[in-house]
């Protein structure tokens, strides 16, 4: 039997059959969820279908009339429970537009905040370091790459390590170390070849802090150091594979240095020496990238004369100096270095780690430099 009842919330007329009693449903008007009640216990009084009620008297209908009327009002028939998605959509339709707008803005703010302040990391537990893509103009001014300059092509040549591109007010920050390929593209420096994916990772996976041991061609300092200077021969005898191998190993050593270590790089020949910076610089990702660019620009020329390079290195006051050469040099260099070290207090004297590279002609001088400074000598064939 079909019977009718009313929604307790909005008073809407509803209908149901006896086999639906106890089932969960919701009102099609106010969407209230409820349990379908049983039919009324008392029978509905019946009157003749032809009887016309007098004025002021309530008209009573038979069950057949009620069923027919309710069948003609199908849109008001009880709707059984719908999926959660439909209930949510109905709730959204009933929510004022300003409330929906406010909620959307709050959600967007939370998403942007998480994107902006999140910190990415690379494999091996290393820490990403945010740097800005920059280029140096011909006048020596530093300009940062604008957001509109960052194209899909630029993103494709970034390293294979995870990259997070974060827009700022007037520039783009990339949470990774950029390879030399990037430097050539955006004009940080010219020339150079791109390191391998493994080498790219090394510049950012060093999350160590404080002092750390340094190894150059397997020639270890034998203890932790905070400051180091590399003096490398760039004379004519180093041209070709020798310079390529030496600079590759030097870049690898720099890439592995702890972030808090301060360093400098000097290349020497008879007429001049080239330096990375005027002072010791921290081994940040940016400074490592600058060092790679500086190293890639070095060309072999001239004869071996390291004295002026040593004088500059001593003014920087590092704990350790690495000196690599494939040739010999005058004994007066050893005398001058010994004197400079003796003028320092015992606690500040500089240890010199020497490397004879591919050639033993300078063994005597290199061994003397190492011995008199408390360092060590190594031959790299």
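Of the listed peptides 315-326, 97-108, what is their order by residue-averaged count of other C-beta atoms within 10 Å, with the highest listed first?
On the way: 315-326: 21.8, 97-108: 10.0.
Highest-to-lowest ranking by the protection proxy: 315-326, 97-108.
Relative contact order for segment 215-380: what percent, with Cα pairs under 8 Å and sequence separation of 6 or more? Intermediate values should be presented prior to the final figure.
Numbers: 308 pairs, mean separation 39.7, N = 166.
Result for segment 215-380 is 24 percent.
Could you check the spin-label model distance between residue 97 and residue 272? Points 7 Å from the Cα along Cα→Cβ, value in nm.
Output for this residue pair reads 7.0 nm.
Can you order the peptides 226-238, 21-33 by their average number of other Cβ atoms within 10 Å per residue, highest first? It would help to have the intermediate numbers written out before the result.
On the way: 226-238: 23.4, 21-33: 14.5.
Per-residue mean Cβ counts within 10 Å order the peptides as 226-238, 21-33.
Can you give me the convex hull volume of the Cα atoms of segment 215-380, divided per residue and expressed in Å³? Spell out each step's value before the answer.
On the way: hull volume 16.1 nm³, N = 166.
It comes to 97 Å³ per residue, whole-number rounded.
Quick one: of the DSSP bridges fully inside segment 215-380, what percent are antiparallel, nearest 5? Walk me through the numbers before you get to the answer.
Numbers: 7 of 29 bridges.
Percentage antiparallel, nearest 5: 25.
Where a number appears in this text, it was derived from the coordinates with a stated rule and is not lab data. Note that the structure is a prediction, hence the values are computed from the model and not measured. Virtual Cβ from ideal backbone geometry, glycine too; neighbours counted across all protein chains shown.
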